[in-house]
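The structure appears right after this line, and notes come after that.
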């Protein structure tokens, strides 16, 4: 069985929490795209863990984890993440972590260029995390990037870095007027932070093909959500890779395999980090109250997330893009205590009500059409059956299912690993 776990909205939906939960049912967990520009927060009986690059299955000792060729990895940040997790008692070694030889390395000049360009754009900046994701994916498609497998050929790697740095300095030094890059320093950086992981480098296509063909089950993990997809998201306020389930087999290293299921993750309300249109956004005290209740701060950046009520229009679009076969609803407990629950049921565009997700120039002009559902109160973190929930919470879930045309299989009622309701 091959299943993808993906975000339905703008990211930060709680995918890490759900992958940690679902990974007990799978032999292998693979991240298939993105870098350390977003993070997954997982809380279980061992503590609280924040993952930026490692698959969330790394917290399951019995699972093998794969970092696929669709990813881009800052080796220095990766080494720190591994060190931090090991200090928390997490086992990480070549036996439970495989790094694709085709995975792209995010070099130090990528976040440098990211920041220089954001600064140049000033008020028109795109809200980048400044982690170098756009520049490194750009280099990948220009065929001027360094891959993990290159570390196995140090002489070739050194020459390649020298050639790329010479090209990069045309932009860094002559374009932005920054101090030129040193190719020797770049090579030393790669070997310092990548050298300890040489034994982890794997032909993940061969590994995953053999594993799946022998009956092993595979869970494919995405970063961010459908609305941050490069092709179908709120361009240009997107990520630089495909966040969609259809890309999962490609980014994991097995483009010839088909998915058996897609679990889409969405919150009981909306949140987003970064720039771009966010029609359902709250402001003022209403935003502060929801943000604090949900702890809505970026796992990677610490930036306050923008928040709003559940966006039916955006979520229906996200379910469609992801081809979701089932959904998981996270952070339902955050809404406990709200007298009325706001839901953005449609948009108003130039005085006309619409219920489809438009292109960005139109999206920027849209206003939310809010309706209110009956709220509920009380501690629901102990609920383990749908019938245990307050009637108003049950009605809210059923309403959302009908609105987005997809059933919820999992309802998260708390941050803990066992704080959920299975609806299957």
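Is at least one residue of the stretch 138-152 crowded, with 20+ Cβ neighbours inside 10 Å, assigned to a loop (DSSP other than H, G, I, E, B), touching a residue at least 40 places away in the same chain (Cβ under 8 Å) and not assigned by TED's automatic domain parsing to the domain that holds residue 35?
Yes, because at least one residue in the stretch 138-152 is crowded, with 20+ Cβ neighbours inside 10 Å, assigned to a loop (DSSP other than H, G, I, E, B), touching a residue at least 40 places away in the same chain (Cβ under 8 Å) and not assigned by TED's automatic domain parsing to the domain that holds residue 35.
In contact with a strand residue (DSSP E or B) (Cβ under 7 Å, 6 or more places away or on another chain), part of a helix (DSSP H, G or I) and farther than 25 Å from residue 243 by Cβ: does that describe residue 362? Don't jump to the end; show me each part of the working.
On the way: in contact with a strand residue (DSSP E or B) (Cβ under 7 Å, 6 or more places away or on another chain): yes; part of a helix (DSSP H, G or I): yes; farther than 25 Å from residue 243 by Cβ: no.
Judged against the criteria, residue 362 is not a match.
If I go through the stretch 189-246 residue by residue, how many of them are farther than 19 Å from residue 54 by Cβ and not in a helix (DSSP H, G or I)?
19
Give the residues of the stretch 87-96 that are closer than 17 Å to residue 52 by Cα and modelled with pLDDT of 95 or more, sorted by residue number.
92
Taking residue 343, is it within 23 Å of residue 373 (Cα to Cα), in a loop (DSSP other than H, G, I, E, B), modelled with pLDDT of 95 or more and assigned by TED's automatic domain parsing to the domain that holds residue 414?
no
Check residue 355 against each of (1) surrounded by fewer than 20 Cβ atoms within 10 Å (Cβ to Cβ); (2) within 30 Å of residue 3 (Cα to Cα); (3) out of contact with any strand residue (DSSP E or B) (no Cβ under 7 Å at 6 or more places or on another chain) and name the one condition it does not meet.
Going through (1) surrounded by fewer than 20 Cβ atoms within 10 Å (Cβ to Cβ); (2) within 30 Å of residue 3 (Cα to Cα); (3) out of contact with any strand residue (DSSP E or B) (no Cβ under 7 Å at 6 or more places or on another chain) one by one, residue 355 breaks only (3).
One residue is enough: does the stretch 97-109 have a residue meeting the conditions over 23 Å from residue 205 (Cβ atoms), out of contact with any strand residue (DSSP E or B) (no Cβ under 8 Å at 6 or more places or on another chain), surrounded by 20 or more Cβ atoms within 10 Å (Cβ to Cβ) and modelled with pLDDT of 90 or more? Working first, answer last.
Narrowing the stretch 97-109 to residues over 23 Å from residue 205 (Cβ atoms): 107-109.
Right, trim to out of contact with any strand residue (DSSP E or B) (no Cβ under 8 Å at 6 or more places or on another chain) and you get 108-109.
Going one step further and asking which of them are surrounded by 20 or more Cβ atoms within 10 Å (Cβ to Cβ), we end up with 109.
Next, from what is left, pick out any that are modelled with pLDDT of 90 or more: 109.
Within the stretch 97-109, one or more residues are over 23 Å from residue 205 (Cβ atoms), out of contact with any strand residue (DSSP E or B) (no Cβ under 8 Å at 6 or more places or on another chain), surrounded by 20 or more Cβ atoms within 10 Å (Cβ to Cβ) and modelled with pLDDT of 90 or more.
Among (1) out of contact with any strand residue (DSSP E or B) (no Cβ under 8 Å at 6 or more places or on another chain); (2) touching a residue at least 24 places away in the same chain (Cβ under 8 Å); (3) within 20 Å of residue 33 (Cα to Cα); (4) surrounded by 18 or more Cβ atoms within 10 Å (Cβ to Cβ), where does residue 113 come up short?
It is condition (3) that residue 113 fails.
Counting only residues that are closer than 14 Å to residue 331 by Cα and in a helix (DSSP H, G or I), how many does the stretch 401-411 have?
Residues of the stretch 401-411 that are closer than 14 Å to residue 331 by Cα, as a first pass: 408, 410-411.
Then keep just the ones that are in a helix (DSSP H, G or I); that gives none.
Total satisfying the criteria: 0.
Name every residue in the stretch 365-386 that is within 27 Å of the chain's Cα centre (by Cα) and in a strand (DSSP E or B), in order of residue number.
367, 368
Just checking, how many residues over the stretch 368-396 are crowded, with 18+ Cβ neighbours inside 10 Å, touching a residue at least 60 places away in the same chain (Cβ under 8 Å) and touching a strand residue (DSSP E or B) at 6+ places or on another chain (Cβ under 8 Å)?
Of the residues in the stretch 368-396, 2 are crowded, with 18+ Cβ neighbours inside 10 Å, touching a residue at least 60 places away in the same chain (Cβ under 8 Å) and touching a strand residue (DSSP E or B) at 6+ places or on another chain (Cβ under 8 Å).
Looking only at the stretch 299-336, which residues are farther than 22 Å from residue 413 by Cβ, surrounded by 24 or more Cβ atoms within 10 Å (Cβ to Cβ) and free of Cβ contacts under 8 Å to residues at least 60 places away in the same chain?
Within the stretch 299-336, just 313 meets the criteria.
Check 337, 414 and return the single one that is outside the structural domain of residue 243 (by TED's automatic domain parsing), over 28 Å from the mean Cα position of the chain (by Cα), modelled with pLDDT under 95 and assigned to a loop (DSSP other than H, G, I, E, B).
337
Evaluate the stretch 213-236: report whether one residue or more is at positive phi, modelled with pLDDT of 95 or more, in contact with a helix residue (DSSP H, G or I) (Cβ under 6 Å, 6 or more places away or on another chain) and in the same structural domain as residue 11 (by TED's automatic domain parsing).
Within the stretch 213-236, none of the residues are at positive phi, modelled with pLDDT of 95 or more, in contact with a helix residue (DSSP H, G or I) (Cβ under 6 Å, 6 or more places away or on another chain) and in the same structural domain as residue 11 (by TED's automatic domain parsing).
Going by the structure shown, is residue 47 under 12 Å from the mean Cα position of the chain (by Cα) and either surrounded by fewer than 24 Cβ atoms within 10 Å (Cβ to Cβ) or closer than 21 Å to residue 421 by Cα (or both)? Break it down into steps so the answer makes sense when it comes.
Numbers: under 12 Å from the mean Cα position of the chain (by Cα): no; either surrounded by fewer than 24 Cβ atoms within 10 Å (Cβ to Cβ) or closer than 21 Å to residue 421 by Cα (or both): yes.
Judged against the criteria, residue 47 is not a match.
The values are calculated or read from the model by the stated rules, or taken from the named source; none is laboratory data. Bear in mind that the values here come from a model prediction, so they are computed numbers and not experimental data. Ideal geometry is used to build each Cβ from the backbone, glycine not excepted, and the neighbour counts take in all protein chains shown.
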